[in-house]
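The values are calculated or read from the model by the stated rules, or taken from the named source; none is laboratory data. The structure displayed is predicted, hence computed values, not measured ones. For neighbour counting, all protein chains shown are included, and Cβ atoms are generated from backbone atoms with ideal geometry for every residue, glycine included. Surface accessibility is based on the protein's heavy atoms, side chains included, excluding ligands, DNA and RNA. Shrake-Rupley method; radii C 1.70, N 1.55, O 1.52, S 1.80 Å.
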Amino acid sequence: MLGRRAARLARSPSQICHAQALNFSSTAAVIGGGVVGLAIARQLSLQPGSSTVLIERHPALGTETSSRNSEVIHAGIYYGRDTLKAALCHRGKDLLYSLCDRHGVAYRRMGKWLVAQNPAQREALERIHALCRDEIGVPVRWVARKEVDERGEGVRAEAGALESPTTGIVDSHGLMLCLRGLFEEAGGVVALSSPVMDIRPLSGGASSLPGSAGWEVDVSDGPGGDISTITAETLVNAAGLGAVAVHNMIVPPSERRRLYFAKGNYFSYTASRPRISRLIYPAPEPGASGLGTHLTLDLAGRIRFGPDVEWVDDPNDLTVNASRLQEAVAEIQKYLPAIDPAALVPDYAGMRPKLAPKGAASATDKSFQDFYIKKEDGYEGWVNLLGIESPGLTSSLAIAEMVQRLLHGQASST
Ligand SMILES: Cc1cc2nc3c(=O)[nH]c(=O)nc-3n(C[C@H](O)[C@H](O)[C@H](O)COP(=O)(O)OP(=O)(O)OC[C@H]3O[C@@H](n4cnc5c(N)ncnc54)[C@H](O)[C@@H]3O)c2cc1C
Ligand SMILES: *[C@@H]1O[C@H](CO)[C@@H](O)[C@H](O)[C@H]1NC(C)=O
C-alpha cells in the first residue's frame, strides 16, 4: 500500500524521503500545499524532534489560490486593530520582507497610492488614515495635490491620495520554492498527488478527547481507488478552497459548514503607455467585498488590473469572464483616464474562499469576516484554518508562527 506512494515521492528530485517515513509516525500532518500550508509545515519542521508531512492533492505545490492572486505585500490598513487580519498582516509583512532578503526571493517595495474621487471616498481615506495613525501604527502619508500632478504619472485623485510606503509585491512562486526548500532541508516530507479523502481523530490518550491518540488521514493513491493512511500526532487544516470540506470530514453533521466563492478576474494591460511605477487602489467603497479593481504591477513592471468580485457557485470556474471587462474599464478610467481600453485583455482569475455569502461580508461594514484560525475545542491537536483570503499571502509566515504557538505554546525563531 505504501510502496506506490514511496515510488511517487522518490521520483521528485528535491525530495528528502525515506520509505520508513511513509509509515508516518509523523508528529504533524499539514493538509494543503499552498503558501499558508507551506509556511506552517516549514515552521513546524523547526520544532526539535519533529517529522512533518505536507499533503497536497495536486501533482505540484501552490497551484490554486497561492498562484492566482495580486502578489501584493499588504500593509494591513483595511482591518480593525483587534482583527487577526490586521495583526497577522502586520507581522507577516515584516517577516516576509526579511525572509526575502535572507533567501534572495524577489520583491519590490514600491508603495501604493489610495486615490479618492469624491467626498465619500475621501472620507474612507480619512478613516484609514486615522486608523493607521491612532490605532494600528502603520505608516501612511497624504500626498499633496501638487505631488499628484507632478509624480502621479497621470493618475487622477480629485479628492486626495493617501500613500502606503511599505506596500510591495513579491514573487509568490519564488517564495513557495524557498519555503519548500527550507521545509525539506529541515527533514519535512511533501506528499504530492495525495487528495485527503477521510480523517479519523483517535482517542485514548490522557484526555480521551478525539485526537488525543493522534490522527489518521486517508489519502487517495490515484484513480485505482487505493488509499494510504498517514498518521500524525497533530493535524493542521490549511486546505484553502478545500478547507471546509476537510473540516466537514472531522466534525459531526451539526457543525458542518459551507463555503462560498467569489472569483476575482484580472485583465492585463498590453500597451506601453501610461507607465505607472506604484500600485494604485481606488478608495474602498462602502459595502464592497473586494478592494476595488486596482492597478497592480508584476516584478517586470507590467500593469494588470483586478481583481473584481464575481460570486460564483463553482470554485473550479476559473475562466476570466470577459464580459466583465466593460465594468472594469469604467472603474479604471475613474482613476486612470489615459488608459487605452483596447489594450486590456483577459488574463487569469483567482477564487476567494468566503465564509459568508454575498452581501454578508465586506471590508467596511460590521459583518466583516476575519480569518478563522483556531485550535478546535473538543479535540486535541487540531488547528483549523478557514477563509484564508487576502491578505493570506502577506500573512503566511505570521500565520505559521500562530499555528505553532497554538500547538506547542511558543514559536521557534526562524
Ligand atoms: C483574487 C485574489 C487576490 C489576492 N491577492 C492577494 C494579495 O495581493 N496579497 C495577499 O497577501 N493575499 C492575496 N490573496 C490571498 C492569498 O492568495 C491567499 O490567502 C493565500 O494564497 C491562501 O493560501 P492557502 O495556502 O491558504 O490556500 P491555497 O493556495 O488555496 O492552498 C490550499 C491547498 O490545499 C490543497 N487542498 C485542498 N483540499 C485538499 C485535500 N482534500 N487534500 C489535499 N490537498 C487539498 C489545494 O490543492 C491547495 O493547493 C488574494 C486572493 C485572491 C483570491
Ligand atoms: C459574466 O459576467 C456577466 C456580467 O457580470 C454575467 O452576467 C454573466 O453571467 C457572467 N458569465 C459567466 C459565464 O459567468
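The table that follows gives values for the structure above.
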quantity	calculated
In region 330-341, the residues that are away from ligand 2 (no atom under 13 Å from the Cβ), without any contact (Cβ under 8 Å) to a residue 40 or more places away in the chain and of a type in the set (A, V, I, L, M)	I332
Verdict on V190 being part of a strand (DSSP E or B), under 22 Å from V251 (Cβ atoms) and touching a residue at least 12 places away in the same chain (Cβ under 8 Å)	no
Residues of region 311-332 that turn out to be farther than 28 Å from A245 by Cβ and either touching a helix residue (DSSP H, G or I) at 6+ places or on another chain (Cβ under 7 Å) or open to solvent by 70 Å² or more (accessible area, probe 1.4 Å) (or both), as a count	4
Scope region 43-92; condition aliphatic (A, V, I, L, M), more than 12 Å from ligand 1 (Cβ to nearest atom) and out of contact with any helix residue (DSSP H, G or I) (no Cβ under 7 Å at 6 or more places or on another chain); matching residues	L46, L84, A87
Hits in region 305-326 - residues which are without any contact (Cβ under 8 Å) to a residue 60 or more places away in the chain and either more than 13 Å from ligand 2 (Cβ to nearest atom) or assigned to a strand (DSSP E or B) (or both)	F305, E310, W311, V312
Qualifying position, being crowded, with 18+ Cβ neighbours inside 10 Å and either within 16 Å of ligand 2 (Cβ to nearest atom) or under 24 Å from the mean Cα position of the chain (by Cα) (or both), among V190, V143	V190
Flag for L295 being within 15 Å of ligand 1 (Cβ to nearest atom) and open to solvent by 40 Å² or more (accessible area, probe 1.4 Å)	no
Residues located in region 25-84, provided they are closer than 22 Å to V170 by Cβ and without any contact (Cβ under 8 Å) to a residue 12 or more places away in the chain	T63
Which listed residue is among the charged types (D, E, K, R) and buried (at least 16 other Cβ atoms within 10 Å of the Cβ), from R304, R273, R256	R304
V36 being modelled with pLDDT of 95 or more, part of a strand (DSSP E or B) and away from ligand 2 (no atom under 16 Å from the Cβ)	no
